[in-house]
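Visitor: Here it is, the structure, as structure tokens.
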Amino acid sequence: MSNSNKFQLGLSTLEREIILENLPIQGEIPTWLNGSLFRNGPSKFEVGNQQYRHLFDGLSMIHKFTFKERQISYRNRFLRGETYRKNLEAGRICVDEFATSVNRSMWQNVSSLLHLNISDNANLNITEIAGHFLAITGSHNLLKFDPYTLETLGKFYYTDELPGLLTTGHPQRDFEKQETINMTTDISQSSTYNIYRLPFGETTRQLITSIPVAEPAYIQSFALTENYIILLEFPLLTNPINLITQKLKGKPFIENFTWKPKKQTRFLVVNRKKGELIGIYEAEACFAFNQVNAFENQDEIIIDICAYPSYAIDDYYLSNLRNPQGCKLSKPELRRYKIALSAQSVSSELLSKEFLEFPRINSKQCQTKDYQFVYGIGFAQEQPNDFFNQLLKIDIIRQKISRWYEEGCYPGEPIFVPEPNSEQEDEGIILSVVLDGNQGNSFLLILDGHSFVEIARTKIPHHIPFGLHGQYFPSTVLPHVG
């Protein structure tokens with residue numbers, strides 16, 4: 001198998017659910033590492049003889065690595081929501097996903113719209129709200145799971161009636177202000193972006209502001225500073241009326257959004273305290289799934305994102321990713337935008353020549369503040385038409401690049417875990433689930449956050465399909481997790 005095809009194992013279904021205690025460890029894990037890493041992502045790409053069309057469509061599986069007394073255990077389990085149950089009972093795909101529509105009659109599509117039959121296949125990320133551990137995605141459907149057994153516990157409901165069926169899968173937790181910030185998009189005749197705060201430990205969202213919008217954008221993440229919330233509205237837009245009429249014709253959700261490169265990227269800046277939209281600032285058209293960090297510098301707002309020059313969602317259709325000749329992926333740039341509030345202008349610059357995606361920082365120490373280090377995955381030059389195949393640490397101040405690469409291996413999102421009571425920004429470790437295309441399985445890789453040198457790894461006996469996002473929770477947050 002050529003190197004450009006080895007990654008395709010990460011696009012194949014994993015059915016196996018197992019519990020493994022005391023995994024063999026190559027190397028040595030830090031004595032202070034006590035907690036659990038949860039990973040979320042698609043794990044089943046077909047039901048019966050029907051195939052999902054997009055990486056974002058696959059049925060969710062939660063994976064958990066637990067660290068305790070220098071030992072590692074692992075377990076995994078499908079997220080068994082209504083979508084999973086309905087599909088497996090029917091032996092076919094019977095709930096629409098991000099880019100996959102079910103074949104129905106016009107009247108069945110009408111019924112689906114009237115009953116808001118939106119998938120609860122929450123395969124994007126993990127979060128915690130008021131002691132509930134949740135699998136989340138870009139819709140209002142949140143699923144609770146037991147953080148020890150990974151058993152699905154049913155839907156989670158906020159104790160409010162904030163409108164909007166769409167949200168972002170990247171809620172931002174402000175540890176200083178002890179609140180989570182996120183937004184919903186209400187697509188209707190009078191569409192709005194609704195930004196809210198959720199104090200830690202509570203389940204009632206507090207509306208900060210509602211912003212009317214004629215053509216809502218596909219928004220997967222946003223930026224947060226100490227005093228501002230910034231919506232990054234890329235010109236991937238939908239007309240609410242067209243969305244409804246096209247859905248009636250069976251068109252998949254994301255294909256009702258149109259890339260309009262002649263329009264500009266808009267930065268909608270909201271004052272966190274006053275709830276006021278203080279301005280809309282425009283820059284050249286681009287697209288991004290993930291933002292890195294944002295902070296203020298006197299009269300400027302600095303926003304760092306992984307920016308694509310054009311619409312990149314089509315790259316992740318499985319027909320492209322599974323191309324025997326190798327997939328064609330757009331390359332995300334680590335780009336910095338500077339919004340000058342008084343001058344009402346936006347400028348941008350490239351922070352690194354390395355392509356970067358799935359960015360993570362030391363969020364406990366640096367979120368909403370100036371920072372130095374960003375971790376992510378990228379492309380080693382050795383393999384053209386390949387998938388993300390290296391881990392990166394980028395020092396954006398000194399322009400220093402550290403990398404981890406092994407031929408035929410494909411790392412996932414690097415999660416930074418700070419060492420307790422650490423002072424240095426990169427004092428901690430990196431956790432990444434790596435697909436080993438040579439051996440046909442996966443392993444958990446542990447790197448030193450400062451030197452970026454491997455300190456340990458542990459193999460599991462099967463492959464883990466490419467995940468999307470995950471979170472680490474220390475044992476002090478999860479005292480009952482074994």
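The values are calculated or read from the model by the stated rules, or taken from the named source; none is laboratory data. All values reported here derive from a predicted model rather than from experimental measurement. When we count neighbours, we look across all protein chains shown, and the Cβ atoms used for this are built from the backbone with ideal geometry, even at glycine. Remember, those area values only see protein heavy atoms, side chains included, never the ligands or the DNA or RNA. Shrake-Rupley method; radii C 1.70, N 1.55, O 1.52, S 1.80 Å.
Visitor: Where nothing but the Cβ of Lys and Arg (+1) and of Asp and Glu (-1) is charged, how large is the charge dipole of the chain around its Cα centre, in debye to the nearest 20? Walk me through the numbers on the way to the answer.
Guide: Working: 47 positive and 54 negative charges, 222 e Å.
It comes to approximately 1060 debye.
Visitor: Please enumerate, by chain and number, the lysines with C-alpha under 19 Å from the C-alpha of Lys274, excluding those fewer than 8 residues away in the same chain.
Guide: Those lysines meeting the cut-off are Lys177.
Visitor: Name the residue from Ser352, Leu55, Gly250 whose Cα lies farthest towards the positive end of the charge dipole of the chain, charges +1 on Cβ of Lys and Arg and -1 on Cβ of Asp and Glu.
Guide: About the Cα centre, the residue reaching furthest to the positive side is Gly250.
Visitor: Is the chain rounded, prolate or oblate when judged by the Cα gyration tensor, a ≥ b ≥ c being the square roots of its eigenvalues, rounded requiring a/c under 1.5 and prolate requiring a/b larger than b/c? Each step should come with its number before you reach the end.
Guide: On the way: a/c = 1.33, a/b = 1.09, b/c = 1.23.
Here the chain falls in the rounded category.
Visitor: Right, something else. Take the Cβ-Cβ distance between Tyr405 and Ser475 as r, set R0 to 30 Å, and report the resulting FRET efficiency rounded to the nearest 0.05. Walk me through the intermediate numbers first.
Guide: Numbers: r = 32 Å, r/R0 = 1.06.
Between Tyr405 and Ser475 the formula returns 0.40.
Visitor: Here is a further query. For segment 211-226, in order, what is each residue's ³J(HN,Hα) by Karplus, 6.51 cos²θ - 1.76 cosθ + 1.60 with θ = phi - 60°, in whole Hz (x at glycine and Pro)?
Guide: Each residue of segment 211-226 in turn: 10, x, 8, 6, 10, x, 9, 7, 10, 9, 8, 8, 10, 9, 10, 4 Hz.
Visitor: Oh, and also: How much length, in nm to one decimal, is gained on full extension between Asn297 and Asn438, taken as 0.36 nm per residue of separation minus their Cα-Cα distance?
Guide: Working: separation 141, 0.36 × 141 = 50.76 nm, distance 4.67 nm.
Fully extending the segment from Asn297 to Asn438 adds 46.1 nm.
Visitor: Distance in nm between label sites at Leu88 and Lys263, each 7 Å beyond Cα in the beta-carbon direction?
Guide: So the two model labels end up 4.0 nm from each other.
Visitor: Also, quick follow-up: Keeping every protein chain present and rolling a 1.4 Å probe, give me the accessible area per residue for the chain in Å². Please list the in-between numbers first.
Guide: Values: 19720 Å² over 482 residues.
Solvent-accessible surface per residue comes out at 41 Å².
Visitor: Loop only by DSSP, 14 or fewer other Cβ within 10 Å of the Cβ. Give me the GluC sites (Glu not before Pro) in segment 1-53 that pass, ordered by residue number. Don't skip to the answer; put the middle values down first.
Guide: Details: sites: Glu15, Glu17, Glu21, Glu28, Glu46; in loops: Glu15, Glu17, Glu21, Glu28.
Within segment 1-53, the qualifying GluC sites (Glu not before Pro) (loop, at most 14 other Cβ atoms within 10 Å) are Glu15, Glu17, Glu21, Glu28.
Visitor: Can I ask one more? Taking a cut-off of 27 Å between Cα atoms, list the lysines near Lys331, but don't count ones fewer than 8 places away on the same chain.
Guide: Lys6, Lys44, Lys260, Lys262, Lys263, Lys353, Lys369, Lys393, Lys400
Visitor: According to a simple spin-label model (label point 7 Å from Cα along Cα-to-Cβ), what is the distance in nm between Arg398 and Asn227?
Guide: Between Asn227 and Arg398, the simple spin-label model gives 3.2 nm.
Visitor: Here's another thing I want to ask about it. Assign one of three labels to segment 381-441, namely rounded, prolate or oblate, based on the Cα gyration tensor with a ≥ b ≥ c the square roots of its eigenvalues; rounded applies when a/c is under 1.5, prolate when it is not and a/b is larger than b/c, and oblate otherwise.
Guide: Note, shape of segment 381-441 comes out oblate.
Visitor: Between Lys459 and Glu151, what is 0.36 nm times their sequence separation minus the Cα-Cα distance? Round to one decimal in nm.
Guide: On the way: separation 308, 0.36 × 308 = 110.88 nm, distance 2.36 nm.
Here the answer is 108.5 nm.
Visitor: What's the center-to-center distance, using Cα atoms, between segment 236-279 and segment 167-210 in Å?
Guide: Distance between centres, Cα-based: 17 Å.
Visitor: For Ser190 and Asn49 in the same chain, what is the full-extension length gain: residue separation times 0.36 nm, less their Cα-Cα distance, in nm? Don't jump to the answer; show the numbers that get you there.
Guide: Numbers: separation 141, 0.36 × 141 = 50.76 nm, distance 4.03 nm.
My answer for the length gained is 46.7 nm.
Visitor: Could you look at the chain and say what percent of its accessible area is carbon and sulfur, using a 1.4 Å probe and all protein chains? It would help to have the intermediate numbers written out before the result.
Guide: On the way: 9320 of 19720 Å².
Carbon-and-sulfur percentage of accessible area, whole number: 47.
Visitor: If we count chymotrypsin sites (Phe, Trp or Tyr not before Pro) as exposed when they sit in a DSSP loop and have at most 13 other beta carbons within 10 Å, what is the longest stretch of the chain that avoids them all? Each step should come with its number before you reach the end.
Guide: Details: sites that count: Tyr157, Phe175.
That gives 176-482 as the longest site-free run.
Visitor: Based on DSSP H runs of at least 4 residues, each adding -39500 (n - 2.57), what is the mean residue ellipticity at 222 nm of the chain after dividing by all its residues, to the nearest 500 deg cm²/dmol?
Guide: Values: 6 runs with 39 residues, N = 482.
Calculated at 222 nm, the ellipticity per residue is -2000 deg cm²/dmol.
Visitor: Once R0 is set to 22 Å, what does the formula 1/(1 + (r/R0)^6) return for the Cβ-Cβ distance between Asn421 and Lys369, expressed as a FRET efficiency to the nearest 0.05?
Guide: Details: r = 19 Å, r/R0 = 0.84.
Working from the Cβ atoms, E equals 0.75.
Visitor: Continuing with the same structure: Long-range amide H contacts for Thr258: which residues qualify at under 5 Å (H placed 1.01 Å from N, peptide plane, sequence gap of 5 or more or a different chain)?
Guide: Correct list: Leu237, Thr238.
Visitor: DSSP loop (so not H, G, I, E, B), at most 15 other Cβ within 10 Å: list which trypsin sites (Lys or Arg not before Pro) in segment 164-213 pass both filters.
Guide: Details: sites: Arg173, Lys177, Arg197, Arg205; in loops: Lys177, Arg205.
Those satisfying the criteria are Lys177.
Visitor: A further question on this structure: Among Tyr311, Pro30, Val453, which residue has its Cα positioned farthest towards the positive end of the charge dipole of the chain, with +1 placed on the Cβ of Lys and Arg, -1 on the Cβ of Asp and Glu, and the dipole taken about the Cα centre?
Guide: Farthest towards the positive pole: Tyr311.
Visitor: When only DSSP loop residues count, what GluC sites (Glu not before Pro) in segment 163-270 have their Cβ near at most 10 other Cβ atoms within 10 Å? Write down the numbers at each step before the final one.
Guide: Details: sites: Glu176, Glu179, Glu202, Glu226, Glu233, Glu255; in loops: Glu176, Glu202, Glu226.
Passing sites in segment 163-270 are Glu176.
Visitor: Show which aspartates and glutamates lie in cross-link reach of Lys338 when reach means a straight Cα distance below 15 angstrom and same-chain residues fewer than eight apart are skipped.
Guide: Of all the aspartates and glutamates, those that pass the test against Lys338 - Cα under 15 Å, at least 8 places apart if same chain - are Glu282, Glu284, Glu296, Asp299, Glu300, Asp304, Glu349, Asp370.
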